[in-house]
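A quick write-up on the structure given underneath.
The numbers here are math on the coordinates, done by the rules we state, and not lab data. Here the structure is a predicted model, which is why all the values come from computation and not from measurement. Positions of Cβ are backbone-derived with ideal geometry, glycine not excepted, and every protein chain shown enters the neighbour counts.
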Amino acid sequence: MDIIYLRDLRIETVIGIFDWERRIKQVVSLDLEMAADVSKAAASDAIEDTLDYKAVAKRLIEFVGASEFQLVETLAERVTEIVRDEFGVPWVRLSVNKKGAVRGARDVGVIIERGQRG
């Protein structure tokens, strides 16, 4: 199994359970690892033969930016569903980081894995 990854994809969104959080946008940071077989793309040197990480990023920026979830857990689950269903990724590991959510901590978030590693 090969892995294509995106690190620190920062997106502004409404996220949180408190009233003040529902009125503002906060930045969440996404780290994704996505299973892929890059051998065909390496042989052809064609974007059509690989997972287009720019297309994934664009779709997630659009989705997350328009979302208004209360929990990062819900956001993480929906993001992994998009990556797996829309881009045909069999396995994904996602970290969602909500910096500044806990006083005294640099960051806080969740890490989930969905699918089967190849």
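Quick notes on this structure:
- Residues considered: 107, 19, 31. Largest GNM mean-square fluctuation over the chain, using C-alpha springs under 10 Å, is found at 19.
- In the distance distribution for the chain, Cα-Cα pairs more than 20 Å apart total 42 percent.
- 0 to 90° range, to nearest 10: angle between helix 72-87 axis and the chain longest Cα axis: 20 degrees
- Within the chain, helix-based [θ] at 222 nm, where runs of 4 or more DSSP H residues each add -39,500 (n - 2.57), nearest 500: -10000 deg cm²/dmol
- Coil-residue trypsin sites (Lys or Arg not before Pro) of the stretch 84-118, DSSP, other Cβ within 10 Å capped at 13: 103, 106, 117
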